[in-house]
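Have a look at the structure below, then the notes.
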Amino acid sequence: QVQLVELGGGSVQAGGSLGLSCAPSGSMHRVVSGGWYRQAPGKQRELVATISSGGGTNYGDFVKGRFTISRDNTQNTVNLQMNNLKPEDTAVYYCNAVLVRFGSPYEFDYWGQGTQVTVSA
């Protein structure tokens with residue numbers, strides 16, 4: 001069964017940067033579209049950024065100008081570059097992606113297991 005593998009995360013000081021990467025396991029699925037969401041304790045999961053199949057992007061207001069979402073079709077990844085991190089960015093970050101199996105027209109939505117991002121003041 002395919003799953004989304006998330007790389008990155010960790011602890012940084014305010015003003016620092018981190019990069020996250022997300023990719024399906026194996027080599028049988030292609031990323032159609034994807035995004036990143038985050039959830040802090042006691043709060044709802046919220047949109048960080050999404051990227052459509054056509055390359056269009058959408059960002060949460062709180063990260064515009066600081067975060068950049070991208071996709072690498074060669075690596076089959078969805079990436080999130082986070083700059084000028086703030087303590088309020090501390091959360092578990094979840095990758096979301098629509099995947100399609102090679103040779104199939106059917107698309108399915110998947111979630112990663114989450115990776116912790118901690119930003120200290």
> What's the carbon and sulfur percent of the chain's accessible surface, probe 1.4 angstrom, rounded to a whole number?
Replying inline: 47 percent
>> What distance in nm lies between label points placed 7 Å from Cα along the C-beta direction at residue 30 and residue 53?
In response: 1.0 nm
>> Using the basic label-point model (7 angstrom from Cα toward the beta carbon), what is the residue 62 to residue 118 distance in nanometres?
In response: 1.9 nm
>> Quick check on the chain: of the DSSP beta bridges with both residues there, what percent are antiparallel, nearest 5%?
In response: 90 percent
> Within the chain, what is the longest stretch that has no chymotrypsin sites (Phe, Trp or Tyr not before Pro) placed in a DSSP loop and near at most 15 other beta-carbon atoms within 10 Å?
Replying inline: 1-61
>> Apply the a/c threshold of 1.5 to the C-alpha gyration tensor of region 30-70 and tell me whether it is rounded, prolate or oblate.
In response: oblate
> Which residue, 57, 74, 90, has the most motion in a Gaussian network model of the chain that connects Cα atoms within less than 10 Å?
Replying inline: 74
>> Using the basic label-point model (7 angstrom from Cα toward the beta carbon), what is the residue 11 to residue 45 distance in nanometres?
In response: 2.6 nm
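The values are calculated or read from the model by the stated rules, or taken from the named source; none is laboratory data. None of these values were measured; they are calculated from a predicted model. Neighbour counts are summed over all protein chains in view; Cβ atoms, including those assigned to glycine, are modelled from backbone coordinates with ideal geometry. Keep in mind that these areas ignore ligands, DNA and RNA; they rest on the heavy atoms of the full protein, side chains included. Shrake-Rupley method; radii C 1.70, N 1.55, O 1.52, S 1.80 Å.
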